[in-house]
Every structure is written in structure tokens, then in C-alpha cells.
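Beneath this line is the structure, given in C-alpha cells, with notes to follow.
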Amino acid sequence: FDGEPLVDRIMPVEANELDAARLTRMLRAIGTENIICGQGQGVMERVYQVQPSVILPDINRPDRAGWDILSDLKTNATTRHIPVIIPSVEEDRTKAAALGAATYLVKPVTLADLRAALRNVFLHPNVGPFVGRQLIRHLVTGSPAPAYVDRVAAVFDDDGAGLRGNLKAVVRAVLLPS
């Protein structure tokens, strides 16, 4: 996705086969891994299994309302950090934002819409601190100091060569003292 390494695995939760196929084509054009989840009832288990970078649950589902899926994702400590983009024919941006969605796309979604939404997710100011904190916790210590997180987040935002999201530089910042 235009050199942005964090948006690499996207999970649409889409029961409509035509919409799922369309999203698949667009996500492949962007260059991301696409993992369709057709069943609303098994979403949380599937999220735990595939650990997507972004989730796109449709709101109007026959088996489980997308609003319930969004609520479950955002109230669960393990999944609340995953950005959720709502693609739907129903336009309710206020409800989506209140439940924690990163953004909202009105169907039919275009490739340009999808690219813009993913770029907004990647450029969100919380991404650097989140990535930094997670890497520090998993690679070094479970309880990082705020200054340590801030230093690593700054490298995520700019690796010194003007590149955002350079994970090689970020890991180096995590493992090597400044």
C-alpha cells in the first residue's frame, strides 16, 4: 500500500458475495492480504486467528449486525486497538464514530475511497505510540516508560530519512539505547 507497511492484512466481514468479491479485487490492487470473514458469528475468533491490521465489517448483515461486531471489537482489550472502517449503504457516521470506528465509507466503495481511508488509518497520530508500545512490551519490557515510548514513536513518525513506518528503524530504536 504505497510503501506503508502496517496496512498489510485486511479483514472484510462481508456476507454479500458480490461485495466481498469487489472488496477482494480492490484490496489486491492495493497490494494487501485480504482475509474475508463471511460469518458475523465467528468474527472474534477469526480476528484472534489472523490478527488483521484493519477490519471492515458491513453493518447490514443477515446473521449479526455490524454495529454489534464493532462494539465487540472496541470493548475487547485484545482487539480494541485494531482500526475499523465501516463500509455500508446505511450512512450513520455519528454512530460509527461513537462506537470507535476509524472512518466510514458509503457503498459502493471505490478504490480511491478505500485508499484514502487506509491512508488516514496509517497516518493517525496514535499509530506510532501504539506500535512503539507493543514492540517494547513484546521485545524488551512489559511496562515501558512514557519517554521510551515517545522516543520509539518519534522514529516511527520519521526514521531520520523522512519515512514514516520504517519498522527496521523502529525495531532498532526499541533494541538500541539512544
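The values are calculated or read from the model by the stated rules, or taken from the named source; none is laboratory data. Since we're looking at a predicted model, the values are computed, not measured. Virtual Cβ from ideal backbone geometry, glycine too; neighbours counted across all protein chains shown. We work out accessible area using only protein heavy atoms, side chains counted, and drop any ligands, DNA or RNA first. Shrake-Rupley method; radii C 1.70, N 1.55, O 1.52, S 1.80 Å.
One table, with the values for the structure above:
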read-out: Residue list for segment 133-145, restricted to those being more than 19 Å from R9 (Cα to Cα) and at pLDDT below 90; value: R133, R137, H138, T141, G142, S143, P144, A145
read-out: Residue selected from segment 128-178 under the condition hydroxyl-bearing (S, T, Y) and outside any helix (DSSP H, G or I), by the criterion farthest from the chain's Cα centre (by Cα); value: S178
read-out: Qualifying residue in segment 136-148 (condition: surrounded by 14 or more Cβ atoms within 10 Å (Cβ to Cβ) and over 22 Å from Q51 (Cα atoms)); value: yes
read-out: Subset tally (residues that are in a loop (DSSP other than H, G, I, E, B) and touching a helix residue (DSSP H, G or I) at 6+ places or on another chain (Cβ under 9 Å)) for segment 70-88; value: 7
read-out: Qualifying residue in segment 71-82 (condition: at pLDDT below 90 and open to solvent by less than 60 Å² (accessible area, probe 1.4 Å)); value: yes
read-out: Count of segment 86-98 residues which are hydrophobic (A, V, I, L, M, F, W, C) and touching a Pro at 6+ places or on another chain (Cβ under 9 Å); value: 2
read-out: Subset of segment 14-34 [surrounded by 16 or more Cβ atoms within 10 Å (Cβ to Cβ), among the acidic types (D, E) and outside any helix (DSSP H, G or I)]; value: E14
read-out: Among the candidates F122, F156, F130, residue that is open to solvent by less than 50 Å² (accessible area, probe 1.4 Å), within 30 Å of E14 (Cα to Cα), among the aromatic types (F, W, Y) and in contact (Cβ under 8 Å) with a residue 24 or more places away in the chain; value: F122
read-out: Checklist (1) surrounded by 15 or more Cβ atoms within 10 Å (Cβ to Cβ); (2) modelled with pLDDT of 85 or more applied to L111, failing item; value: (1)
read-out: Residue list for segment 83-108, filter: open to solvent by less than 20 Å² (accessible area, probe 1.4 Å) and touching an Asp or Glu at 6+ places or on another chain (Cβ under 7 Å); value: P87, S88, L105
